1. Run down 86, 58 and say which single residue is touching a residue at least 24 places away in the same chain (Cβ under 8 Å), closer than 29 Å to residue 128 by Cβ and either exposed (fewer than 12 other Cβ atoms within 10 Å of the Cβ) or not hydroxyl-bearing (Ser, Thr, Tyr) (or both).
2. Checking residue 99 against (1) surrounded by fewer than 11 Cβ atoms within 10 Å (Cβ to Cβ); (2) over 23 Å from residue 83 (Cβ atoms); (3) touching a residue at least 40 places away in the same chain (Cβ under 8 Å); (4) not hydrophobic (A, V, I, L, M, F, W, C), only one condition comes out false. Which one?
3. So which of 20, 52, 38 ends up being crowded, with 21+ Cβ neighbours inside 10 Å, in a helix (DSSP H, G or I) and not small (Gly, Ala, Ser)?
4. Please list, ordered by first then second residue, the pairs with beta carbon atoms under 9 Å, 6 or more apart or interchain, first in the range 106-117 and of a type in the set (Gly, Ala, Ser), second exposed (fewer than 13 other Cβ atoms within 10 Å of the Cβ) and in a strand (DSSP E or B).
5. Report yes if residue 5 is surrounded by fewer than 19 Cβ atoms within 10 Å (Cβ to Cβ), part of a strand (DSSP E or B), in contact (Cβ under 8 Å) with a residue 40 or more places away in the chain and of a type in the set (Phe, Trp, Tyr), otherwise no.
6. Quick check on residue 67: is it in a strand (DSSP E or B), surrounded by 15 or more Cβ atoms within 10 Å (Cβ to Cβ) and without any contact (Cβ under 8 Å) to a residue 60 or more places away in the chain?
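Read the figures in this text as sums done on the coordinates, not as results from a lab. Computed from a predicted model, the values in this text were never measured in an experiment. Backbone-built Cβ (ideal geometry, glycine too); neighbour counts: all protein chains shown.
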Amino acid sequence: MAKHFIRPLALCIFHHQGKILVNQFHDADENRTLFRPIGGGIEFGERSHDAIVREVQEELGRSISDIRLIGTLESIFTYAGKPGHEIVQVYDARFDDAEVYEQPWLDGHESDGAPFRAAWHSSASFTPASPLVPEGLYDLLKRAMLL
């Protein structure tokens, strides 16, 4: 039997003109599209603030600044048929290179080398059939007036 664990995660919201930068992916088991901001796991001994700087550098090759914590979420979910449980530190930050905001998307790479494309999406993109994850993020961003 697989051992389950709670995964500490740091995600970063980059916002521009009413849109946020998200990675789009597909859950084949549920046949639905999901959207998630840039970020990833917090390593043992690493602060979540440092994890978000590292993750953005690793995934997008970009440096960031003006990093601030906007909230913490707990997400219990099923993805690809497997249960998941995450404690998520959600940050807001700014890319140091302003030209990033003029690009329709950014190409990046996951830690396993898999390519992805992060694109700017408005709140209209997020529906019950194609939600913004983790659970509670949409409401958190609305309250923080970032979406």
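1. Working: 58 fails: closer than 29 Å to residue 128 by Cβ.
Going through 86, 58 in turn, just one is touching a residue at least 24 places away in the same chain (Cβ under 8 Å), closer than 29 Å to residue 128 by Cβ and either exposed (fewer than 12 other Cβ atoms within 10 Å of the Cβ) or not hydroxyl-bearing (Ser, Thr, Tyr) (or both): 86.
2. (3)
3. Numbers: 20 fails: in a helix (DSSP H, G or I); 38 fails: in a helix (DSSP H, G or I).
Sole residue among the options that is crowded, with 21+ Cβ neighbours inside 10 Å, in a helix (DSSP H, G or I) and not small (Gly, Ala, Ser): 52.
4. Partner pairs satisfying both residue conditions: 108/115; 108/117.
5. Values: surrounded by fewer than 19 Cβ atoms within 10 Å (Cβ to Cβ): yes; part of a strand (DSSP E or B): no; in contact (Cβ under 8 Å) with a residue 40 or more places away in the chain: yes; of a type in the set (Phe, Trp, Tyr): yes.
Answer is no for this residue.
6. Numbers: in a strand (DSSP E or B): yes; surrounded by 15 or more Cβ atoms within 10 Å (Cβ to Cβ): yes; without any contact (Cβ under 8 Å) to a residue 60 or more places away in the chain: yes.
Against the criterion (in a strand (DSSP E or B), surrounded by 15 or more Cβ atoms within 10 Å (Cβ to Cβ) and without any contact (Cβ under 8 Å) to a residue 60 or more places away in the chain), residue 67 qualifies.
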